[in-house]
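Below: one structure, written as structure tokens.
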Amino acid sequence: MAEFEVVRRVVVSADPTHIHTLIDNFREWTKWSPWEDLDPQLQRTYSGAPSGVGAHYAWSGNRKAGAGNMEIVSDAEREIGIRLEFLKPFKATNHVDFELNPTESGATEVVWRMTGQQQQGLMALIGKVIPMDRMVGKDFEKGLTRLKATAEA
């Protein structure tokens, strides 16, 4: 199976520590996640650590939101790693990284990266027609715009 990578970046006028708290605590994602408005009745479950390694978040929603879970698997000062598992509408497990890079101007460059394997079956066919970057890239851009607004508020 072929690998894919989706990467988007934004520069945020906020301290990396503040941005870090918006990412490594899944309860904060409701403020900026690009998928929050897909299902007003979305069911969320938080477990494990409140933030950082071991924090776990599961969701279940309508057809657009689907179902899945995320777990923070690495957490350093400037990088957060997440295992992302989709259960519906298709099954997939991907790795997500957020990098927080200080800039010379005192701002923070936030890099959102997702990597994984192209799927088999119907999703493989869809992936040949619509690359993963095109399917998810706009969501990442929307999320980073919301993260920037939240962090700068």
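Roughly how many Å² of Ser105 are accessible to a 1.4 Å probe, to the nearest 10?
100 Å²
Given a cut-off of 24 Å, name the pairs among Lys31/Lys91; Lys91/Lys138; Lys64/Lys142 whose C-alpha atoms lie farther apart than that in the structure shown.
Details: Lys31/Lys91 26 Å; Lys91/Lys138 21 Å; Lys64/Lys142 16 Å.
Beyond 24 Å: Lys31/Lys91.
Mind listing the phi-derived Karplus ³J(HN,Hα) values for region 22-33, rounded to whole Hz, using 6.51, -1.76 and 1.60 with θ = phi - 60°, and x for any glycine or proline?
Computed from phi, the couplings for region 22-33 are 6, 9, 7, 10, 4, 5, 6, 5, 4, 7, 9, 4 Hz.
So, how do all the Cα-to-Cα distances of region 16-95 break down into 10 Å bins, in percent, from 0 on up?
Answer for region 16-95: a P(r) of 19, 52, 27, 3 percent.
Starting from the Cα-Cα distance between Asp133 and Thr21, subtract it from 0.36 nm times their residue separation and give me the gain in nm to one decimal. Walk me through the intermediate numbers first.
Working: separation 112, 0.36 × 112 = 40.32 nm, distance 2.64 nm.
Gain in length upon complete extension: 37.7 nm.
Please compute the per residue accessible area over the chain with all protein chains in place, 1.4 Å probe, rounded to a whole number of Å². Don't skip to the end; give the middle numbers.
On the way: 8340 Å² over 153 residues.
Per residue, the chain has an accessible area of 54 Å².
Per-residue ellipticity at 222 nm for the chain, helices alone: DSSP H runs ≥ 4 residues times -39500 (n - 2.57), over residue total, nearest 500 deg cm²/dmol? Walk me through the numbers before you get to the answer.
On the way: 3 runs with 37 residues, N = 153.
Rounded to the nearest 500, it is -7500 deg cm²/dmol.
So what is the relative contact order for the chain, in percent, with contacts set as C-alpha pairs under 8 Å and at least six apart?
Values: 308 pairs, mean separation 49.6, N = 153.
Computed value for the chain: 32 percent relative contact order.
On the protein heavy atoms, probe 1.4 angstrom, tell me the percent of accessible surface of the chain carried by carbon and sulfur. It would help to have the intermediate numbers written out before the result.
Values: 4360 of 8340 Å².
Carbon-and-sulfur percentage of accessible area, whole number: 52.
Give me the net charge for the shell around Val96: Cβ to Cβ below 10 angstrom, other residues only, Lys and Arg +1, Asp and Glu -1.
Numbers: positive: Arg83, Arg113; negative: Asp97.
Here the charged neighbours net out to +1.
The values are calculated or read from the model by the stated rules, or taken from the named source; none is laboratory data. Nothing here was measured: the structure is a model prediction, and the numbers come from that model. So basically every Cβ, Gly included, is an ideal-geometry build from the backbone, and we count neighbours across all protein chains shown. We work out accessible area using only protein heavy atoms, side chains counted, and drop any ligands, DNA or RNA first. Shrake-Rupley method; radii C 1.70, N 1.55, O 1.52, S 1.80 Å.
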